[in-house]
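Below is one structure; the comments refer to it alone.
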Amino acid sequence: MPIHHTRAGAVLACAAALTLSGLTATGVLAAQPAAAATPAGYQNVRINEVTSSNTDTVELYNAGSAPVSISGWKMSDDSFSQQAFSPSSTTLPAGGFVTFDSPKGLGDADKLVIYTADGTVVDRVEWATGAAKPAMARCGGDGTGAWVTKTASTTFGGPNTAGCPAPGTAASRVRINEVTSNGADTVELYNGGTSAVSIGSLRYVDADTGHSPVTVSSSSPSTTTIPAGGYATFASGLGLGDNDSLLLLDAGGTTIDSVTWATDGAKPSDERCADGTGWFRTSTTATLGGANSCAGGDAGGGGGQGGQLSGGGGALTSGCAPEAPSGTGATPSGVLAWPGGADVMIADNVCAFTTSTGPEGRDVSGLAFDPADASVLWAVKNKNWLFKLVKSNGKWVPDPSWSATGRQIRFAGGSGEPDSEGLTVGGNGHLYITSERDNTANTAPRDTVMEFDPAATGPTLTPIREWDMTAQFPQLDTGSKDDANLGFEGVGFVPDSWLTANGWVDPRTGAAYDPADYPLHGSGLFFAGLEYDGTLHVYGLNSDGSFTTLGTVATGKRSVMDVAFDAVTGRIVATCDNTCGETHTFLKVGAGGAIVPDVTYTNPAVMPADNLEGFALAPASACVNGSREAVWSDDGIYGFGSGSSSYGHALYSGTFPC
């Protein structure tokens, strides 16, 4: 487990939002289908920013996990019927933005309604005099935040963070928290502020543009205040149905909050998980007047960025001791939302990785799918143990035919206890594992790559070859075990075919990479990630035990915890835990022949903000309905903390696009 420094060159981290609830047996829930003739995912599209000045511009945001076609969509204001608009793109990517200029003028005390091509209402916002000048934007989260008048320039085409003021009026902390549309149409509001809020003058309206807003105080029961952290419920007199919306307006007509749902979305309940802050999702149990259960149901409700995390269970075994995460800092700018499914499941049994050198059960780090067999997941524990995992009842468990308890690994010659952090499968099917020190002498670095044959027999594995790069990193050799612990955290095998096809320039020669220049290196190169500064170090590992260094790659991260090559996207993936906001940077070969960052994604919002040191994407052979499995490992098995269902678990499973 890494120890994160606060000195120069040390790393940052951040916490991520979290919720706990149920999942289907497969662990991943599909969104409810929208009504016929409406594009998939339309309910995840939100109006995100609008101006009503000389150029009346509108920004839409896709809060879902898949692209949405907005071809043929229309808009209206308070004075004209639906009219087509010309967006900057007819496809709205997941976590992305599209802008357009209004075909009709937008003015003071106006409203904006967005429709699909068949007339289904997608989202709506209303504003009072001058509110959309210079811009109204959702602040506190794209697609979810409260509508406020921005104090700085517009941010069309990007996140709304810039120019968003600090939280303003107390009413801006009031959110729609739960809605039912099953005949007893009920609305629940939640006050996320620290003081009571007067809500008697607030109004609400549904997706029927012929309906006039209704005041909360005139509804039954009449409600005029919400205490801090409290709830207010009332019956909707408007009638709420399938494919509907609900908007909460202030006294001046400006939208405070809204939710849109698809067919059966609010039956029996659409609820925020967590209260007041999370995305809406459909629940099988209504909890009006109290904390949302977030139990059962699916992610088909409005907002679309819900998601659940469940599984787990079981009690901690004797000696099993989870450890809270270390190293907390901020998420880098320009990071995109997780492009895969919003739902995640716990994917191992509680305290499954206790060993003789690690009875506390912690320290599972590197992960790698076997590219030749997607049913096999390799995992390495930095207390010198290797596991071959297979699926059983939806969980990744040790393959009993290989070893039901894992196999211990040693350095060359059978000595020591490698602090084994990174793992990859080479072109020859062998396992290549990095170590950053010997746990029996942990104040000195030992940055090596070891090659193991998984077909070897016996309870202990000794490397066929070992390449020692320790001398390249004198900054880690200070006599401090903390510095020695900042070495090789991950490694990925990158095939020569990808490097040559993409025109990678060999830093040693300044010319196009030619594998023939390195006749003993095999069929690809190894990219080892250094936790110390987030760089990737490129090596040709030669069959005679020597190695060739082929430069370094800047990932743009302050630290790297795992490295992989993903053949599906054609990218090298550098993963960082809460040190850099639980993010994954996909790198490509740029126009100049250098390997450069392409895009960075966060984890799904339901994931805990822990030392998630391992990350693996299943190969193309595992793709089903356009998705494949993604797996994370929690080095500290901390989950969401003591008492949570994730406490004591190391592995999490979600989905990523194919």
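The values are calculated or read from the model by the stated rules, or taken from the named source; none is laboratory data. Note that the structure is predicted; figures quoted are calculated from it, not measured. Cβ sites come from the backbone with ideal geometry, for glycine too, and all protein chains shown count toward neighbours. These accessible areas exclude ligands, DNA and RNA; they are computed on the full protein's heavy atoms, side chains included. Shrake-Rupley method; radii C 1.70, N 1.55, O 1.52, S 1.80 Å.
Could you work out the mean projected area of the convex hull around the alpha carbons of region 475-527, in square nanometres to one decimal? Value for region 475-527: 5.1 nm².
Per the Kirkwood formula applied to alpha carbons, region 68-124 shows a radius of gyration over Rh ratio, Rg over Rh, of 0.95.
Just need log10 I(q)/I(0) for region 567-631 at q = 0.17 Å⁻¹, Debye formula, equal scatterers on the alpha-carbon atoms, no solvent, rounded to two decimals. Once normalised to I(0) and log-transformed, intensities are -0.69. On full extension, the segment bounded by SER69 and THR328 gains 89.4 nm, given 0.36 nm per residue less the C-alpha separation. Dividing the mean sequence gap of close Cα pairs (under 8 Å, 6+ apart) by how many residues the chain holds gives a relative contact order of 14 percent.
For the residue pairs LYS557/LYS588; LYS104/LYS133; LYS388/LYS481; LYS74/LYS133; LYS74/LYS588; LYS391/LYS557, the alpha carbons lie more than 27 Å apart in LYS388/LYS481; LYS74/LYS588; LYS391/LYS557. Amide hydrogen proximity for GLY341: with H placed 1.01 Å from N in the peptide plane, the residues at 5 or more positions away or on another chain lying under 5 Å are THR655, PHE656. Give me the net charge of GLU188's neighbourhood, meaning all other residues with Cβ under 14 Å from the Cβ of GLU188; Lys, Arg count +1, Asp, Glu -1. Net charge around GLU188: -4. Only one residue of THR357, SER53, ASN542 has its Cα farthest out toward the positive end of the dipole of the chain, where Lys and Arg carry +1 and Asp and Glu -1 on Cβ, and that residue is SER53.
The fraction of accessible area contributed by carbon and sulfur in the chain is 52 percent, rounded to a whole number (1.4 Å probe; ligands and nucleic acids excluded).
A cut-off of 5 Å between modelled amide H atoms, ignoring neighbours fewer than 5 places along the same chain, links GLU417 with ASN439, THR440. Taking 0.890 mPa s as the viscosity and 25 °C as the temperature, the Stokes-Einstein diffusion coefficient of region 449-604 based on its alpha-carbon Kirkwood radius rounds to 149 µm²/s. Taking the Kirkwood radius as Rh and the Cα radius of gyration as Rg, the chain has a ratio of Rg/Rh equal to 1.02. The mean accessible area for residues of region 485-584, using a 1.4 Å probe and ignoring ligands and nucleic acids, is 30 Å² per residue.
Rolling a 1.4 Å probe over the heavy atoms of the protein chains gives region 316-362 an accessible area of 39 Å² per residue. Backbone phi angles across region 477-482, fed through the Karplus curve with coefficients 6.51, -1.76 and 1.60 (θ = phi - 60°), yield HN-Hα couplings of 9, 10, x, 9, 5, 5 Hz in residue order; Gly and Pro are listed as x. The fraction of Cα-Cα pairs per 10 angstrom bin, counted from 0 for region 412-457, comes to 28, 50, 20, 2 percent, rounded to whole percents. LEU550 sits among other residues whose Cβ lies under 15 Å from its own Cβ, and their net charge, with Lys and Arg +1 and Asp and Glu -1, is -3. Once Lys and Arg get +1 and Asp and Glu get -1 on their Cβ, which of ASN625, PRO227, SER653 lies farthest toward the positive end of the dipole of the chain? The listed residue farthest towards the positive side: PRO227. Converting phi to 3J(HN,Hα) with the Karplus coefficients 6.51, -1.76 and 1.60 and the offset θ = phi - 60°, region 400-407 yields x, 6, 9, 4, 6, 10, x, 10 Hz in sequence order, with x at every glycine or proline.
The string of couplings for region 110-122 from the Karplus curve (6.51, -1.76, 1.60, θ = phi - 60°) is 10, 9, 9, 10, 10, 10, 6, 4, 9, x, 6, 5, 9 Hz, one whole number per residue in order, with x for Gly and Pro. Net charge of the neighbourhood of GLU436, taken over other residues with C-beta under 9 Å away and scored Lys/Arg +1, Asp/Glu -1, is -3.
Close amide-amide hydrogen proximity is noted between LEU550 and VAL538, TYR539, GLY540, each under 5 Å apart and 5 or more residues distant or on a separate chain (H modeled in the peptide plane; Pro and chain starts excluded).
Within region 324-474, the proportion of Cα pairs with more than 24 Å between them is 38 percent.
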